[in-house]
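Working notes for the structure below.
The values are calculated or read from the model by the stated rules, or taken from the named source; none is laboratory data. Because the structure is predicted, anything quoted here is derived from the model rather than measured. FYI the Cβ positions are ideal-geometry reconstructions off the backbone, even for glycines, and counts take in every protein chain you see.
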Amino acid sequence: MVPAGPARVADPPLGPRRVTPSGARSRRRVALRQAMLDSTGHRGPYSSTLMARVFSGIQPTGDMQLGNYLGAVRSWVEDQHVADCLFCIVDLHALTEEQGPAVLRARTLRKATELLACGLDPDVCTLFVQSHVASHTQLAWLMECTASFGELRRMTQFKDKSDGREGVRVGLFTYPCLMAADILLYDTDRVPVGDDQRQHLELARDLAVRWNSRYGDTFTVPEAVFPKTGARVMDLQDPTSKMSKSRGTPQGRIDVFEDPAAITRKVMRAVTDAGADVRYDPAAKPGVSNLLELLAVATGSTPTAVAGDYHQYGALKTDTAAAIVELLAPLRERVAELDGDPGFVHEVIAKGAATAATVAEAVLSRAQRAVGLLER
Ligand code: TYM
């Protein structure tokens, strides 16, 4: 029987939200955070009742597409005001496929710019780049030694992306272990993601539970959270496949910062289904159902409710295009402003990495102690 690690106390939230003007607020949050960390990095006794910890990530593999925004980032923007939030640009995950050094560097900074334009506020959440916090790769190894080959082989994203190729990178296979490490490093309570991440999240939970039962209570077991509408935005040209920033055709994908005329054109040319009736039925009518979901999410309604307003595909497409353009207009304006200030974006991610590292290093050393690695 392996002796259990020390009993775990909850870690601190990253701080209160929106109580003072931004600069002072941010300094107070950092001070509060530091005061709440004891020498082992555990949360103070009063803290975890204040706020849940939220963590999520996005790859810097292409321009942000509508599925990323509706499936994940929109929830992040809401969560940052009610939870202790860390959001990560997962550049190490992007290395599972060739990006090109200059492209990866540029896209990583661009992803931070896009996330700020979507409404992430660095005064109330922590935004950082995965490779800036070394603990991610360190814990990933411990996760690789916790997961089994069989578990990883069953991952549908690996099967889809590797497509039986011998030359596929090993990192693509072990990717879910790095993802579990990302999440577990922050004692995450909730992980807001799109539906395609469901299986990876289940694995992260299984690994946390397995570890805790082997080595004593070390990790918080995270819960995946999916949006009610928009959890799986489909490709406009192939509505049986999900919209993706790195796969499919540009005609099937709406980029969040794309110009309104292009968005309208793509929606108007979206593939619809046989039969002229407008009803929400993803299995029988995937094209129309996708448009109904988009319209519902952009107007704060439900797909079934909006379906009642339409009898023709043409009118549905016109209104869906207009609603998406309106939803994205303020984001486009903000990205143009932020593009002119890369210094600010660099500053945000530098500060974010420092904050994230404090939390992650404490949890990493807790895990290292629990598994029996000799302290230096
Ligand atoms: P990524 O970069 O593919 O996508 C980022 C987020 O966008 C969601 N998403 C979608 N949601 C609805 N419809 C779509 N068509 C659509 N396409 C993408 C994804 O579900 C995701 O929430 N493995 C992750 C990144 C990651 C991560 C993490 C996430 C690494 N570590 C830890 C959460 C926690 C990925 O590749 O996401």
Taking interchain pairs and intrachain pairs at least six residues apart, which have beta carbon atoms under 8 angstrom, with the first residue in the range 190-204 and on the phi < 0 side of the Ramachandran plot and the second within 6 Å of the ligand (Cβ to nearest atom) and among the hydroxyl-bearing types (Ser, Thr, Tyr)?
191/56; 192/56; 193/56
On the given criteria, is residue 274 at pLDDT below 95, surrounded by fewer than 13 Cβ atoms within 10 Å (Cβ to Cβ) and outside the structural domain of residue 61 (by TED's automatic domain parsing)?
yes
Among the residues of the range 219-239, the number that are more than 30 Å from residue 266 (Cβ to Cβ), within 13 Å of the ligand (Cβ to nearest atom) and in a loop (DSSP other than H, G, I, E, B) is 1
Confirm whether residue 254 is modelled with pLDDT of 95 or more, buried (at least 22 other Cβ atoms within 10 Å of the Cβ) and not assigned by TED's automatic domain parsing to the domain that holds residue 59.
yes
Can you pull out every residue in the range 186-218 that is within 14 Å of the ligand (Cβ to nearest atom), under 19 Å from residue 137 (Cα atoms) and part of a loop (DSSP other than H, G, I, E, B)?
186, 187, 188
What's the number of the only condition in (1) in contact with a strand residue (DSSP E or B) (Cβ under 7 Å, 6 or more places away or on another chain); (2) among the hydrophobic types (A, V, I, L, M, F, W, C); (3) more than 11 Å from the ligand (Cβ to nearest atom) that residue 183 fails to meet?
(3)
For residue 157, indicate whether it is under 20 Å from the mean Cα position of the chain (by Cα), assigned by TED's automatic domain parsing to the domain that holds residue 59, at pLDDT below 95 and within 15 Å of the ligand (Cβ to nearest atom).
yes
Which listed residue, of 281, 273, is farther than 21 Å from residue 71 by Cβ and part of a loop (DSSP other than H, G, I, E, B)
273
Picking from 262, 353, which residue would you name as being assigned to a helix (DSSP H, G or I) and in contact (Cβ under 8 Å) with a residue 12 or more places away in the chain?
353
